[in-house]
Structures are given as structure tokens and as C-alpha cells.
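This report concerns only the one structure given below.
The values are calculated or read from the model by the stated rules, or taken from the named source; none is laboratory data. Treat the numbers as computed from the prediction; the structure is a model and nothing was measured. Cβ: placed from backbone, ideal geometry, glycine included. Neighbour counts: every protein chain shown.
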Amino acid sequence: MPKEMKALFIIVNAGFSDQIIEVAQKLGARGATIIPARGTGQKFVKVLGINYEPEREILLSVVEHDIALAIAAKVKERYGKATPTNGLSFILPVAAHTFKNE
């Protein structure tokens, strides 16, 4: 029977993705894709007269349902919005998948 897979998205400030991937792998993720990003919500912050747009990174990993929940909970606990990482995560269903080992 196929496993219920989920697409786990984690969005963090740039430079923190390695920490998140380390946690995800310890909890069972086999890998992740890191996508550079920048948001449109807060247009920019002025620092010393220079417009600064904070850069973000999106981590995408397709994992089993239970692993996705465990990783999302750990991200919220250790890397959430109240931390310098400013992280958030969300989980989406995966309709179909094929992996090399299946």
C-alpha cells in the first residue's frame, strides 16, 4: 500500500536553511530543495538610508505524513516567527508520486 505523502514547505530568513535541513533529516526527511525567495508583504525596510528587502528561503521536501507533522512542529517550536529565523511552515497533500526506491 502506498504511503500518504505530503509536500512540506518551510519559509525562513536567508541563511538559516542548513539548520532547518539538519533538523528535518534527523526527523526522517531524505532531502529538500532550497528555493531563494523574497516577499512582497513588507516592501522594504530603510536602514541607514538604504532600502533593504529581506531575502528568504523556501525549503520543499516530500515526506510521509507523520514526518511532515513532526518537522512542522519542531520548526514552529525552535524556528518560528518570534525567532531570528522568522520561520513558518505549511503542508500540502501530494496526489501522486514516484520515488526511485519504489
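Quick one: would you say L59 is in a strand (DSSP E or B) and at pLDDT 95 or above? Spelling it out, L59 is indeed in a strand (DSSP E or B) and at pLDDT 95 or above. Taking first residues from segment 75-97 that are at positive phi and partners that are outside any loop (DSSP other than H, G, I, E, B) and surrounded by 15 or more Cβ atoms within 10 Å (Cβ to Cβ), the Cβ contacts under 8 Å between residues at least 6 apart in sequence or on separate chains come to N86/V12; N86/N13. Taking segment 84-102 as the range and being at pLDDT below 90 and of a type outside the set (D, E) as the test, the residues that pass are P84, T85, N86, A95, A96, H97, T98, F99, K100, N101. When G28, G39, G15 are checked against the criterion of being touching an Asp or Glu at 6+ places or on another chain (Cβ under 9 Å) and modelled with pLDDT of 95 or more, G28 stands alone in meeting it. Exactly one residue out of L88, L69 is within 11 Å of the chain's Cα centre (by Cα) and surrounded by 15 or more Cβ atoms within 10 Å (Cβ to Cβ), and it is L88. Within segment 1-38, take every residue that is within 12 Å of the chain's Cα centre (by Cα), without any contact (Cβ under 8 Å) to a residue 40 or more places away in the chain and in a loop (DSSP other than H, G, I, E, B) and give me the one that is nearest to I58 (Cα to Cα). Going through the qualifying residues, I end up with A32.
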